[in-house]
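Beneath this line is the structure, given in structure tokens, with notes to follow.
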Amino acid sequence: MKDIKEVSILTGFLGSGKTTLVNAIISGKAKTRFAIIENEIGEESIDAELLIKGDDNIVELNNGCLCCSLNDNLYDILNQLWLRKSSWDQLLIEATGIADPANIARPFLTNELVQESFQLKRVICVVDAELIEDQLKETEVAIQQIAFSDVILLNKSEKVSPAYLRELQAILKTLNPFAEILVALENDFRIEILFNRERFANFYSNPKPFLTPKGMFNLIPAESEATPQFGLGSSHRRHQHSDIETILLRYPENMDIEAIQHRMMVFLLTQSIGVYRIKGILFNANYTDRVILQTVGKGMSVSKGQPWLEGDKKESKIVVIGKRLSLYGFDRMFRSCLEG
């Protein structure tokens, strides 16, 4: 059996603490030899005292880890690292603070050759508890980073009040209902807990609407001209004083997997302006496993999920995160892909 390397991607806006987390991971998981791909190797990079030598743009650390720059072509870097696969155990990628992590994740989710050697285990978003509310107002990148992540790490949380921290967690849950939120206190990043979390761990649970106590991102019902008649229920929430929205749709009927793939590809190419993320579990009685659908930038990934077990609530659940979303339009699109 071919050795498949685990991959973790760290994202988060500028100054959120990603590099501090990288250093904490290196020291906290001392028995794991990481290959680390950073946005750039410089004065804001990994601890300088760990550096030993460079070879083919790959820096060796004195604890057995490797480090290289993301400035180069990612495929070339992966090829170089694979040639040295016996010298490292896991791949850790620190994304730039001003980029959508979907662009980095795309090869691991859509390229079959890459998937034969690398498995994306988790996307971790580091959030600055003091600044994230302003960042969400000012930049779409912060929203994209949160929306794409599997785990959200609230950093610098000791600098805000417990009440505000609870409000932040509710805000983040509305932006990404399936992500797990962990709180870091005084640079205690809970490394072991962090690395026990994997993609889709929370995705199989039932997301529930979260109401923030007050503030900019209070949830209010979106304006609508009529109440849609959805068989299993839906929700559509707009954040007050912001046009960021989250839609959750559920369908108990069989979803035609081929039809929704085709429909989604057309949508992504022609109508997806303002949509940050679409992620869904698809149900079809002819499949023994869940089917996972997720957008990756302007592309799409469809993969096998966990098997359906006796007692599971068998339904398709689709979350859409974006701006100026049409609940009715998305419902029509997904309903057109139901069998029968």
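The values are calculated or read from the model by the stated rules, or taken from the named source; none is laboratory data. Every value quoted in this text rests on a predicted model; they were computed, and no experiment measured them. Using ideal geometry, Cβ is built from the backbone for each residue, glycine included, and neighbour counts are taken over all protein chains shown.
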### Only listed residue being modelled with pLDDT of 90 or more, on the phi < 0 side of the Ramachandran plot and of a type in the set (D, E, K, R), chosen from 140, 198, 116, 112
116
### Message
Being in contact with a His (Cβ under 8 Å, 6 or more places away or on another chain) and not aliphatic (A, V, I, L, M) is the requirement here; does residue 246 meet it?
### Response
yes
#### Entry: Among the residues listed as 260, 273, 278, the single one being touching a residue at least 60 places away in the same chain (Cβ under 8 Å) and of a type outside the set (Phe, Trp, Tyr)
260
#### Entry: Selection status of residue 247, assigned by TED's automatic domain parsing to the domain that holds residue 13, assigned to a strand (DSSP E or B), closer than 30 Å to residue 289 by Cα and modelled with pLDDT of 55 or more
no
### Task
Take the residues in region 148-171 that are among the aliphatic types (A, V, I, L, M) and modelled with pLDDT of 90 or more, then tell me which one is farthest from residue 35 (Cα to Cα).
163
### Query
Out of all the residues in region 286-319, which are in contact with a strand residue (DSSP E or B) (Cβ under 6 Å, 6 or more places away or on another chain), under 24 Å from residue 148 (Cβ atoms) and without any contact (Cβ under 8 Å) to a residue 40 or more places away in the chain?
289, 291, 293, 304
#### Entry: Lone qualifier among 312, 289, 331 - being acidic (Asp, Glu) and within 20 Å of residue 121 (Cβ to Cβ)
289
### Summary
Within region 320-338, restricting to residues that are assigned to a loop (DSSP other than H, G, I, E, B) and in contact with a strand residue (DSSP E or B) (Cβ under 7 Å, 6 or more places away or on another chain), the one that is nearest to residue 302 (Cα to Cα) is 337
### Task
Please give the number of the condition residue 67 fails out of (1) modelled with pLDDT under 90; (2) surrounded by fewer than 21 Cβ atoms within 10 Å (Cβ to Cβ); (3) touching a strand residue (DSSP E or B) at 6+ places or on another chain (Cβ under 7 Å).
(2)
### Query
Which one of these does residue 158 not meet: (1) touching a Leu at 6+ places or on another chain (Cβ under 6 Å); (2) in contact (Cβ under 8 Å) with a residue 60 or more places away in the chain?
(2)
### Task
Name, by its number, the condition in (1) in contact with an Asp or Glu (Cβ under 8 Å, 6 or more places away or on another chain); (2) of a type outside the set (Phe, Trp, Tyr); (3) assigned to a strand (DSSP E or B); (4) surrounded by 13 or more Cβ atoms within 10 Å (Cβ to Cβ) that does not hold for residue 317.
(1)
### Query
In region 110-191, which strands (runs of 3 or more DSSP E) lie fully inside it and hold 1 or more residues that are touching a helix residue (DSSP H, G or I) at 6+ places or on another chain (Cβ under 6 Å), of a type outside the set (Asp, Glu) and crowded, with 23+ Cβ neighbours inside 10 Å?
118-128, 151-155
### Query
Is there a residue in region 284-306 that is in a helix (DSSP H, G or I), modelled with pLDDT of 85 or more, among the small types (Gly, Ala, Ser) and surrounded by fewer than 21 Cβ atoms within 10 Å (Cβ to Cβ)?
no
